[in-house]
1. Test of understanding: what is the full-extension gain from residue 41 to residue 56, defined as 0.36 nm times their sequence separation minus their Cα-Cα distance?
2. Using a Förster distance of 41 Å, how high is the FRET efficiency between residue 67 and residue 8, based on the Cβ-Cβ distance and rounded to 0.05?
3. Which value does Rg/Rh take for the chain over its C-alpha atoms, Rh per Kirkwood?
4. Quick check: pseudo-label points 7 Å beyond the Cα along Cα→Cβ at residue 16 and residue 89, how many nm apart are they?
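What follows is calculated from the coordinates using simple rules that are stated; it is not laboratory data. None of the values given here were measured: they were computed from a predicted structure. Cβ: placed from backbone, ideal geometry, glycine included. Neighbour counts: every protein chain shown.
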């Protein structure tokens, strides 16, 4: 079982993931956080926190495959982000 993030860290990362500056980035990055953060290890949390330091346009381009993913972000987390199965769809 993966160690849980502490409440303060979870709240801070959730806020940062959902308040990116554009609705599209909020949905993509925030939706990804909501879907997957519960099972993250401290190392995965640190990787996501580093990802949040990047520009939204870059993160979104990596996720949809229009730009190559930098080596430091390649791996299981980016593979999950590229699935795009966590995006909320308005009906």
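1. 3.1 nm
2. So, using R0 = 41 Å, E works out to roughly 0.80.
3. 0.94
4. The answer from the label model is 3.1 nm.
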